[in-house]
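The values are calculated or read from the model by the stated rules, or taken from the named source; none is laboratory data. This is a predicted model, so every value here is computed, not measured. Here the Cβ positions follow ideal geometry from the backbone for every residue, glycine too, while neighbour counts run over all protein chains shown. Areas reflect the complete protein model, heavy atoms only, side chains present, ligands, DNA and RNA absent. Shrake-Rupley method; radii C 1.70, N 1.55, O 1.52, S 1.80 Å.
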Amino acid sequence: MLRLLGNRSSSAAGISRRTAICVGGLSLFGSISQTSFMQAAEQSRSARLGRAKSIVLLNLFGGPPHQDLFDLKTKAPVEIRGEFKPINTVVPGLQIGELLPELAQVMDRCSLIRTYSHKYNSHNPYNVFTGFDGGNDRENYFAKRTDHPSIGSVCQHVGIGASDVPRYVILPSYPGFSQALRRAGPYGGYLGSQYDPLFTVWDKKFEQKGAFYKPVDALGTPVLPSLDSLPDVTANRLNRRQSLLDQLDQSLASVERSRSVDSMDHFQQQAFSLLTSAKTRSAFDISNEPTAIRERYGRTVWGESLLICRKLVEAGSTFVSVNWEEADSGNHWDLHENNFGMCRVLAPTMDRIVSALILDLEQRGLLETTLVVVMGEMGRTPKINGKSGRDHWPQCGFVLMAGGGIKRGAVLGRTDDQAAYPVERPVSAGDLVATIYDLLGVDPHMTIEDLTGRPNHISHGGEPVRELYAS
């Protein structure tokens, strides 16, 4: 039985009118309604039992420099090797970059792919979310109805996960939000908008002014998008000394008279009930988390987003992702200029929050059933350009994985002496997505028909990377 916001004042359809007002103004993508969660369950297909129950994907938007983080080449020429030195990890013989000391201490819980390689040279996270790398900027700069569906969308389509919390969530906002566009990748595509994710709302804050290539910490807590639809209640106005949930209950009293729910269809009514359930709201409320836990993750928006991801995993969500992208403050990984200066700000934050998530999941007994994936849509050029930056390089990059049936302390693949190309075991975008599907219990060879009726392989020809599976 789901408890809805506020006191009950039910319509004939059986849903509180307060609930409808709380989320009635929401949309995921243009005019798309938020009905994905319940329709996914009713249109489900059978899925076998997987090793993982949930996925947490940290998408380092822009493309992180693998040569400066996880695959340093100290013997390469100076214009290749960069400014950072390698450090030892707890895994004998494995070194990573000096900016990642906390991750160095948890690499025995992780597997590292050093040879993620594909053909899609674009900042849209299309390859990350779908496994498709046959597109280009001209075709895929903006999300469109004919796109291939994301992993999270397919998981909803086959009915994986709990039915009383959002199954597929992206924080703190959709890819492209800091540049006022909707980038391809995370949507339902030709499966339909009912399989789009729930995007949170981010009230952006910065302690000081940054610039595109001079990053400062990005602050603020992601919240359910219903906050923006409540009259006179925004993240700016909420009293931080009082429980967020208490304030929402109180604020809804002023808008109880609406009858907007009366016209909702069956799926909408169930989706609204789901989004306003106590379980969902609790997952997004970090105010009651112990101070030590909050400090472990840090008070950046990326740390607080990953903390909410952990709470969503606990609640039963299947696919949750953090989109690390903020153009105004320079908090992104598109390092065409000032690569090393930006890394000195960004990498320590990544180091802190990823290690915090891994240890937090482990301490709660959730790591073995939660697959953590850290990656960007591409790597960076081996050669440093004239502005001390590295440019786009989809030919090679890294993927860090932990939990969810993945081996501990493993390294897959080897690159050449400049970290430019794989020389052993390249892993394609399709291979990585097939691995995620397989670990979740979704047949990676399943096909879905597009808008023309043509069947499409959900992993686009990729095969699971079973060398990384724990025995």
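Just need a number here: residues in the range 155-172 that are open to solvent by less than 30 Å² (accessible area, probe 1.4 Å) and assigned to a loop (DSSP other than H, G, I, E, B). Spell out the reasoning first.
Applying the first criterion (open to solvent by less than 30 Å² (accessible area, probe 1.4 Å)) to the range 155-172 yields 155-160, 162, 165-172.
Going one step further and asking which of them are assigned to a loop (DSSP other than H, G, I, E, B), we end up with 158-160, 162, 165-167, 172.
Residues flagged as open to solvent by less than 30 Å² (accessible area, probe 1.4 Å) and assigned to a loop (DSSP other than H, G, I, E, B) within the range 155-172 amount to 8.
For residues that are in contact with a Leu (Cβ under 6 Å, 6 or more places away or on another chain) and either open to solvent by 10 Å² or more (accessible area, probe 1.4 Å) or acidic (Asp, Glu) (or both), tally how many sit in the range 55-81.
0
Okay, residues lined up against (1) modelled with pLDDT of 95 or more; (2) of a type in the set (Ser, Thr, Tyr):
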residue: Lys85; (1), (2): yes, no
residue: Tyr120; (1), (2): no, yes
residue: Pro149; (1), (2): yes, no
residue: Cys155; (1), (2): yes, no
residue: Ile160; (1), (2): no, no
residue: Tyr168; (1), (2): yes, yes
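Just to be sure before I move on: is Gly430 surrounded by 18 or more Cβ atoms within 10 Å (Cβ to Cβ) and in contact with a helix residue (DSSP H, G or I) (Cβ under 6 Å, 6 or more places away or on another chain) in the structure I sent? Please lay out each step first, then the result.
Numbers: surrounded by 18 or more Cβ atoms within 10 Å (Cβ to Cβ): yes; in contact with a helix residue (DSSP H, G or I) (Cβ under 6 Å, 6 or more places away or on another chain): no.
Taking the combined requirement at face value, the residue does not satisfy it.
Condition check ((1) of a type in the set (A, V, I, L, M, F, W, C); (2) in contact with a strand residue (DSSP E or B) (Cβ under 6 Å, 6 or more places away or on another chain)) across all residues:
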residue	(1), (2)
Gly379	no, yes
Arg390	no, yes
Trp393	yes, yes
Cys396	yes, yes
Leu400	yes, yes
Ile406	yes, yes
Gly413	no, yes
Asp417	no, no
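Failed condition for Glu424, given (1) out of contact with any strand residue (DSSP E or B) (no Cβ under 8 Å at 6 or more places or on another chain); (2) touching a residue at least 24 places away in the same chain (Cβ under 8 Å); (3) closer than 22 Å to Val373 by Cβ, with all others met?
(1)
Read through the list (1) surrounded by fewer than 24 Cβ atoms within 10 Å (Cβ to Cβ); (2) outside any loop (DSSP other than H, G, I, E, B); (3) out of contact with any strand residue (DSSP E or B) (no Cβ under 6 Å at 6 or more places or on another chain), then give the number of the only condition that His445 fails.
The single condition His445 does not satisfy is (2).
Looking at (1) closer than 30 Å to Ser178 by Cβ; (2) modelled with pLDDT under 95; (3) open to solvent by 10 Å² or more (accessible area, probe 1.4 Å); (4) hydroxyl-bearing (Ser, Thr, Tyr), which is the one condition that is false for Ser329?
(3)
Quick one: in the range 134-149, of everything that is among the polar types (S, T, N, Q) and either touching an Asp or Glu at 6+ places or on another chain (Cβ under 9 Å) or open to solvent by less than 30 Å² (accessible area, probe 1.4 Å) (or both), which residue is nearest to Asp450 (Cα to Cα)?
Step one: of the range 134-149, the residues among the polar types (S, T, N, Q) are 136, 140, 146.
Filter once more, so that each one left must be either touching an Asp or Glu at 6+ places or on another chain (Cβ under 9 Å) or open to solvent by less than 30 Å² (accessible area, probe 1.4 Å) (or both): 140, 146.
Values: Asn140: 16, Thr146: 7 Å.
Result: Thr146.
crowded, with 24+ Cβ neighbours inside 10 Å and within 14 Å of the chain's Cα centre (by Cα): which single residue out of Gly131, Gly188, Gly176, Gly152 fits that description?
Working: Gly131 fails: within 14 Å of the chain's Cα centre (by Cα); Gly188 fails: within 14 Å of the chain's Cα centre (by Cα); Gly176 fails: crowded, with 24+ Cβ neighbours inside 10 Å.
So the residue among Gly131, Gly188, Gly176, Gly152 that is crowded, with 24+ Cβ neighbours inside 10 Å and within 14 Å of the chain's Cα centre (by Cα) is Gly152.
Identify all residues within the range 448-471 that are part of a helix (DSSP H, G or I) and open to solvent by 20 Å² or more (accessible area, probe 1.4 Å); write none if there are none.
From the range 448-471, those part of a helix (DSSP H, G or I) are 466-468; that's our starting set.
Selection gives Arg466, Glu467.
Within the range 191-218, can you find the residues that are open to solvent by 60 Å² or more (accessible area, probe 1.4 Å), assigned to a loop (DSSP other than H, G, I, E, B) and within 23 Å of Arg281 (Cβ to Cβ)?
So the first thing to find is which residues in the range 191-218 are open to solvent by 60 Å² or more (accessible area, probe 1.4 Å), and the list is 204-209, 212, 214, 217.
If we keep only those that are assigned to a loop (DSSP other than H, G, I, E, B) as well, we get 204, 207-209, 212, 217.
Once the filter is applied, which keeps residues that are open to solvent by 60 Å² or more (accessible area, probe 1.4 Å), assigned to a loop (DSSP other than H, G, I, E, B) and within 23 Å of Arg281 (Cβ to Cβ), the range 191-218 yields only Lys204.
Going through the range 280-293 one residue at a time, which ones are surrounded by fewer than 17 Cβ atoms within 10 Å (Cβ to Cβ) and not in a loop (DSSP other than H, G, I, E, B)?
Residues satisfying the conditions are Ser282, Thr291, Ala292, Ile293.
Residues in the range 104-127: is at least one within 30 Å of Asp328 (Cβ to Cβ), open to solvent by less than 10 Å² (accessible area, probe 1.4 Å), in contact (Cβ under 8 Å) with a residue 60 or more places away in the chain and of a type in the set (A, V, I, L, M)?
No, the range 104-127 has no match at all.
List every residue pair whose Cβ atoms sit under 6 Å apart, with the two residues 6 or more apart in sequence or on different chains, where the first one lies in the range 391-403 and is in contact (Cβ under 8 Å) with a residue 40 or more places away in the chain and the second, anywhere, is open to solvent by 40 Å² or more (accessible area, probe 1.4 Å) and hydroxyl-bearing (Ser, Thr, Tyr).
Gln395/Tyr421; Cys396/Tyr421
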